[in-house]
Structures are given as C-alpha cells and as structure tokens.
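Written below as structure tokens is the structure these notes are about.
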Amino acid sequence: MRARNSRARRLNATAMLCAAFAGLSTTAAQAATDEEIVLCTIDDTTGNLAAMSTPKTWGYALAVEEINEAGGIMVDGVQKMVKHVQYDGQSDVGRYGQLTQQCIFEDEADVVMAGYTGAEREAARVEAVRNETIFWHNNQGEGGIADRYSFFSGPTPEQQVLPALEWMIDEFGPRMTFIGADYNFCRAIGAWVRTAAGLYEGDLVMEEYFPFDVNQWQQTIGEIQNIGPDFQVHCLVGGDQVQFYPQADAAGLKTPAWSNVTIADGYEHKIFPAPQLENMHVPPGYIEDVPGENSEAFAAKIRERHPDAPYVNEHAAFGYVAVKAMAKAWAAAGTTETEAVIEALEAGVTVEEAPGGSWSLVGDQHHAALPTYLFKVEADHSLSLISELGVTEPSFLSDIGVDVREFGSGDGETYLPTDNPAWADFFAE
C-alpha cells in the first residue's frame with residue numbers, strides 16, 4: 001500500500017478488510033499506482049434516489065476528463081493523471097460506510113466524495129474522517145459541519161433558505177406551512193425555515209415530517225387547504241414523496257410553494273406533466289436554466305456525453321466543481337499528502353469555470369461563497385428567472401465563533417440554527 005497519507009499506514013488494514021469486501025459488486029478497477037491520483041466517488045445510480053444522484057457522477061467524470069486531457073496535475077515532481085473510481089450506493093445507507101472503507105483501503109483514495117442524503121453522507125463521512133481522508137459532499141446541505149477533513153461544494157441554507165424565504169414573505173405574505181422528509185437534512189431545513197420566519201416576520205403555522213416511503217398525501221393536502229397559508233415550504237425527497245405534486249394538483253391546491261430540493265435535485269418539472277408544478281419557486285446554486293456562458297458550456301458538455309439526460313441538475317455542477325477545486329489544491333500543494341492538501345484548500349481556491357458562476361472556497365468555513373438564483377415554474381413547466389439573489393459568503397459558523405481550521409483529527413462538530421444564541425427566541429416553545 002502506498003504511504004502517501006497518514007491513514008495509509010494503519011495496521012495492515014487492507015489485509016484485514018479483504019475478506020469483508022470480497023462479496024461487494026462494483027464496476028471499479030481496484031489497482032492504484034504511484035502514477036495516479038485516486039478520486040473515489042459513491043452515489044446512487046440505482047434505487048429510489050438515482051434520478052437526483054446520477055447527474056452528479058456525470059459532473060465528476062467530466063471534470064476528470066478535462067483535467068486529464070489538459071495533462072494531469074504536477075505532484076511530487078511527477079505529472080499525474082486522475083483515476084476516477086465510482087461506486088453505486090444503490091440508495092442504501094448501509095452500503096456507504098463499507099464502500100468508503102473500500103475506497104480508502106483497497107483503492108487508496110486521495111479523496112472520497114459521497115452521498116445524496118444526509119444519512120448517506122454521514123455514513124461515508126464518519127469513515128473518511130476516522131481514517132484522516134479528505135471528504136467532500138457535493139449537494140446543497142444543511143451547513144454547520146465543522147470538521148478538518150470535510151469540505152462542501154454546494155449551497156447552504158444561509159445561501160438558499162434565508163434570502164429566498166425573505167423574498168417569498170415579502171411577495172406572498174407571512175403565513176407558511178412546512179412539510180419534509182423525516183431525516184437530518186430536512187429536519188435541519190425546518191430549523192432554517194423557523195429562522196427565516198423569525199428574521200423576516202414570517203409565521204410558520206404547520207411543520208410536519210414524513211418517512212421517505214410516504215406517497216399518499218391526500219390527508220396532508222387537505223390540512224394545508226384548511227389552513228390556507230400564503231405559501232408552502234417543501235423538503236420532499238425521493239420518488240415516493242414527490243407524488244405530492246400530482247395529488248396536490250388533482251385536489252386543486254394551487255397555493256404558491258417553495259423548495260430548495262424540488263427541481264434543483266429531481267427536475268420534477270421534466271417528469272410530471274404540466275401544470276402540476278406550476279407556481280413552485282426554487283433557489284438553486286445551479287440548474288441548466290441558469291444564464292451565462294459557464295452554464296451554457298457546462299450543460300452542452302454534459303448533453304454531448306449524455307444525450308438522453310432529462311435535465312442537468314444542481315448536483316452535476318457541484319460534483320464537477322469539487323473535483324476542479326481538488327485539482328487546484330493538489331497543484332498548489334505539489335503533493336497528495338493529506339495535511340498539505342488541506343492547507344492548500346484552506347488557503348482558498350477559486351473555480352473560475354463553475355457552472356453557476358463565481359465559486360470560491362472559504363478556508364475557515366470549508367464551504368464556498370457562491371451565487372443563488374430564484375426561479376418560478378410556469379404553467380407550461382418552463383422556468384422563469386425571478387431574481388438573482390447574489391453571491392453569499394458562508395458565515396453561519398463564523399457568526400457563532402467557529403473556525404474550522406482550529407479543529408484537529410476526530411474533534412469535529414455539527415452546528416444548527418439552535419446553536420446561535422441570537423436566534424434562541426425562534427425556537428422557544
């Protein structure tokens with residue numbers, strides 16, 4: 001095993017794990033060489049979450065292709081190509097820890113990028129961090145993770161939830177309902193919705209969470225109709241939960257809605273017939289409808305390689321960006337040694353070709369400054385750009401006095417809006 005990184009010298013771990021992984025079915029080649037930099041990614045290309053996750057693998061592959069076609073990366077005095085090892089998580093949280101170990105100990109990954117849901121992310125991240133391996137999560141996330149080895153390319157709630165809900169309250173009125181999947185990400189989004197309500201004089205009159213396999217929504221739709229909110233807030237995840245939309249349309253629920261996962265993740269406006277998503281508002285950091293040369297070029301490259309792609313979603317872009325950011329860090333560090341690469345990342349990297357526009361990693365936060373766009377779904381399911389909400393620098397952690405650079409191995413923390421004393425009143429019973 002190569003002794004590039006400190007975690008690669010652990011107790012002959014490869015030999016210990018060989019038997020455990022003998023039965024795993026993958027599409028990846030297993031041999032790594034000193035002439036390659038190894039990127040290992042795990043995403044759901046089959047199962048209930050595949051529609052949302054598969055485009056991310058396209059973004060990874062495109063970034064690797066571009067890096068290698070440009071000659072690779074100079075590290076340790078050698079021009080090295082990037083080897084992309086890709087595994088299918090099969091929409092099964094239980095696979096993520098095992099596959100992350102396989103990435104680290106068998107594939108000798110220099111970086112692991114994994115997970116769609118927060119549960120998948122954490123199953124993978126705990127193994128990467130335990131073994132002092134750089135980890136990236138490349139969706140929009142709940143923010144607040146402070147860990148030396150963990151980095152995030154996508155938007156946070158302070159970049160999506162806060163500015164967009166301020167716009168919704170100003171436009172439609174203060175009374176809002178919230179429904180979401182019952183797991184850590186949507187629970188955290190619910191906390192951020194409460195924060196937005198508190199900051200912008202909103203009134204959260206309903207907050208409910210549902211298992212992933214819920215696909216019958218008549219009772220909930222009736223409750224929302226009885227409440228009569230000014231607008232709805234959704235965090236519905238997966239193929240079952242989004243059945244809310246045709247059922248709401250059939251029931252005549254036409255109240256304006258907002259979601260940071262609908263459209264941006266699952267491109268439901270391309271899946272469901274018009275006008276079932278009419279009047280949905282979404283705040284992506286990227287979707288193929290984002291204007292600009294970077295966006296158009298990226299979408300064209302993805303479609304050239306995947307002509308049957310129904311839509312180029314947010315995850316495709318942020319998977320691409322994360323690989324490009326790592327390439328910048330490897331080149332700046334001149335090595336793949338983990339601690340040196342982390343220092344290069346924390347010094348700040350910018351990805352000029354980011355599909356959504358300006359993207360710069362903020363070193364003391366491990367999240368990026370990036371733009372947010374607000375779109376509305378029209379009756380024919382076309383998207384109208386309502387507002388460019390601007391570039392927001394991540395500040396939630398710094399606002400509560402957290403500098404991620406001060407965290408050492410194994411002492412990371414996760415913070416939520418409830419950890420900000422200035423927002424305590426928003427969560428008082």
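The values are calculated or read from the model by the stated rules, or taken from the named source; none is laboratory data. Not measured: the values here are computed from a predicted model. Cβ placement follows ideal geometry from the backbone for every residue including glycine, while neighbour counts extend to all protein chains displayed.
Quick check on my filter: what residues within segment 381-398 are part of a loop (DSSP other than H, G, I, E, B) and either charged (D, E, K, R) or closer than 16 Å to Gly285 by Cα (or both)? Lay out the reasoning, then the answer.
Restricting attention to segment 381-398, the residues satisfying the condition of being part of a loop (DSSP other than H, G, I, E, B) are 381-382, 393-395.
Across segment 381-398, the qualifying residues are Glu393, Pro394.
Please verify whether segment 401-409 includes one or more residues that are under 20 Å from Tyr60 (Cα atoms) and touching a helix residue (DSSP H, G or I) at 6+ places or on another chain (Cβ under 7 Å). Please lay out each step first, then the result.
Kept after step one, since they are under 20 Å from Tyr60 (Cα atoms), are these residues of segment 401-409: none.
There is no residue in segment 401-409 that is under 20 Å from Tyr60 (Cα atoms) and touching a helix residue (DSSP H, G or I) at 6+ places or on another chain (Cβ under 7 Å).
Please pick out the residue among Val404, Val341 that is crowded, with 16+ Cβ neighbours inside 10 Å, within 26 Å of Thr195 (Cβ to Cβ) and not assigned by TED's automatic domain parsing to the domain that holds Asn279. If you could, list the steps in order and put the result at the bottom.
Numbers: Val341 fails: within 26 Å of Thr195 (Cβ to Cβ).
Sole residue among the options that is crowded, with 16+ Cβ neighbours inside 10 Å, within 26 Å of Thr195 (Cβ to Cβ) and not assigned by TED's automatic domain parsing to the domain that holds Asn279: Val404.
Restricting to segment 38-88, count the residues that are assigned to a strand (DSSP E or B) and either within 24 Å of Val242 (Cα to Cα) or in contact with a strand residue (DSSP E or B) (Cβ under 8 Å, 6 or more places away or on another chain) (or both). Explain how you work it out, then say what you get.
To start, the set of residues in segment 38-88 that are assigned to a strand (DSSP E or B) comprises 38-43, 73-75, 78-88.
Restricting the remaining residues to those that are either within 24 Å of Val242 (Cα to Cα) or in contact with a strand residue (DSSP E or B) (Cβ under 8 Å, 6 or more places away or on another chain) (or both) gives 38-43, 73-75, 79-88.
Counting residues in segment 38-88 that are assigned to a strand (DSSP E or B) and either within 24 Å of Val242 (Cα to Cα) or in contact with a strand residue (DSSP E or B) (Cβ under 8 Å, 6 or more places away or on another chain) (or both) gives 19.
Residues of segment 95-127 being without any contact (Cβ under 8 Å) to a residue 40 or more places away in the chain and in contact with a helix residue (DSSP H, G or I) (Cβ under 6 Å, 6 or more places away or on another chain), which ones?
Of everything in segment 95-127, those that are without any contact (Cβ under 8 Å) to a residue 40 or more places away in the chain and in contact with a helix residue (DSSP H, G or I) (Cβ under 6 Å, 6 or more places away or on another chain) turn out to be Gly97, Ala123, Glu127.
Considering Gly292, Gly334, Gly363, Gly348, which residue is of a type outside the set (A, V, I, L, M) and without any contact (Cβ under 8 Å) to a residue 24 or more places away in the chain? Outline the logic, then answer.
Working: Gly292 fails: without any contact (Cβ under 8 Å) to a residue 24 or more places away in the chain; Gly334 fails: without any contact (Cβ under 8 Å) to a residue 24 or more places away in the chain; Gly363 fails: without any contact (Cβ under 8 Å) to a residue 24 or more places away in the chain.
Sole residue among the options that is of a type outside the set (A, V, I, L, M) and without any contact (Cβ under 8 Å) to a residue 24 or more places away in the chain: Gly348.
For segment 291-304, which positions are more than 13 Å from Glu66 (Cα to Cα) and either of a type in the set (Lys, Arg) or touching a Leu at 6+ places or on another chain (Cβ under 8 Å) (or both)?
Answer for segment 291-304, where residues must be more than 13 Å from Glu66 (Cα to Cα) and either of a type in the set (Lys, Arg) or touching a Leu at 6+ places or on another chain (Cβ under 8 Å) (or both): Pro291, Arg303.
Report whether or not Glu122 is part of a loop (DSSP other than H, G, I, E, B), in the same structural domain as Ala316 (by TED's automatic domain parsing) and either modelled with pLDDT of 95 or more or among the charged types (D, E, K, R) (or both). Step through it out loud before you land on a result.
Working: part of a loop (DSSP other than H, G, I, E, B): no; in the same structural domain as Ala316 (by TED's automatic domain parsing): yes; either modelled with pLDDT of 95 or more or among the charged types (D, E, K, R) (or both): yes.
Against the criterion (part of a loop (DSSP other than H, G, I, E, B), in the same structural domain as Ala316 (by TED's automatic domain parsing) and either modelled with pLDDT of 95 or more or among the charged types (D, E, K, R) (or both)), Glu122 does not qualify.
Is there a residue in segment 166-184 that is out of contact with any strand residue (DSSP E or B) (no Cβ under 8 Å at 6 or more places or on another chain) and crowded, with 21+ Cβ neighbours inside 10 Å?
Scanning segment 166-184, I find no residue that is out of contact with any strand residue (DSSP E or B) (no Cβ under 8 Å at 6 or more places or on another chain) and crowded, with 21+ Cβ neighbours inside 10 Å, so the answer is no.
Do the conditions hold for Gly115, that is, is it at pLDDT 95 or above and more than 16 Å from the chain's Cα centre (by Cα)?
Working: at pLDDT 95 or above: yes; more than 16 Å from the chain's Cα centre (by Cα): no.
For Gly115, the condition - at pLDDT 95 or above and more than 16 Å from the chain's Cα centre (by Cα) - is not met.
Every residue, every condition in (1) surrounded by 24 or more Cβ atoms within 10 Å (Cβ to Cβ); (2) within 20 Å of Ile189 (Cα to Cα); (3) aromatic (Phe, Trp, Tyr); (4) out of contact with any strand residue (DSSP E or B) (no Cβ under 8 Å at 6 or more places or on another chain), yes or no:
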{"site": "Ile104", "(1), (2), (3), (4)": "yes, no, no, no"}
{"site": "Val126", "(1), (2), (3), (4)": "no, no, no, yes"}
{"site": "Glu132", "(1), (2), (3), (4)": "no, no, no, yes"}
{"site": "His137", "(1), (2), (3), (4)": "yes, yes, no, no"}
{"site": "Phe151", "(1), (2), (3), (4)": "yes, yes, yes, no"}
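At least 2 residues that are in contact with a His (Cβ under 8 Å, 6 or more places away or on another chain) in each: list the strands (runs of 3 or more DSSP E) lying fully within segment 147-214 that qualify. If you could, list the steps in order and put the result at the bottom.
Working: elements: 150-152, 175-181, 203-210.
In segment 147-214, 150-152, 175-181 are the strands (runs of 3 or more DSSP E) which contain 2 or more residues that are in contact with a His (Cβ under 8 Å, 6 or more places away or on another chain).
So Ser91 ticks every box in (1) on the phi < 0 side of the Ramachandran plot; (2) part of a loop (DSSP other than H, G, I, E, B) but one. Which box is left unticked?
Unmet for Ser91, out of (1) on the phi < 0 side of the Ramachandran plot; (2) part of a loop (DSSP other than H, G, I, E, B): (1).
Is at least one residue of segment 219-232 within 25 Å of the chain's Cα centre (by Cα), on the phi > 0 side of the Ramachandran plot and either outside the structural domain of Met176 (by TED's automatic domain parsing) or of a type in the set (Gly, Ala, Ser) (or both)?
No, segment 219-232 has no match at all.
When you go through (1) touching a helix residue (DSSP H, G or I) at 6+ places or on another chain (Cβ under 8 Å); (2) without any contact (Cβ under 8 Å) to a residue 40 or more places away in the chain; (3) hydrophobic (A, V, I, L, M, F, W, C) one by one for Val391, which number turns out not to apply?
Of (1) touching a helix residue (DSSP H, G or I) at 6+ places or on another chain (Cβ under 8 Å); (2) without any contact (Cβ under 8 Å) to a residue 40 or more places away in the chain; (3) hydrophobic (A, V, I, L, M, F, W, C), only one is false for Val391: (1).
What pairs come out if I take residues in segment 239-255 that are over 19 Å from Pro211 (Cβ atoms) and pair them with residues that are aliphatic (A, V, I, L, M) whose C-beta lies under 6 Å away, six or more apart or interchain?
Every condition considered, the pairs that remain are Ala251/Ile221; Leu253/Ile221.
Answer with yes or no whether Glu378 is touching a residue at least 24 places away in the same chain (Cβ under 8 Å), of a type in the set (Asp, Glu), buried (at least 16 other Cβ atoms within 10 Å of the Cβ) and touching a strand residue (DSSP E or B) at 6+ places or on another chain (Cβ under 9 Å).
On the way: touching a residue at least 24 places away in the same chain (Cβ under 8 Å): yes; of a type in the set (Asp, Glu): yes; buried (at least 16 other Cβ atoms within 10 Å of the Cβ): yes; touching a strand residue (DSSP E or B) at 6+ places or on another chain (Cβ under 9 Å): yes.
Answer is yes for this residue.
Consider only pairs whose beta carbons are under 9 Å apart and that are at least six residues apart or on different chains; among these, list those whose first residue lies in segment 157-185 and is at positive phi and whose second residue is β-branched (Val, Ile, Thr) and part of a strand (DSSP E or B).
Filtered contacts from segment 157-185: no entries.
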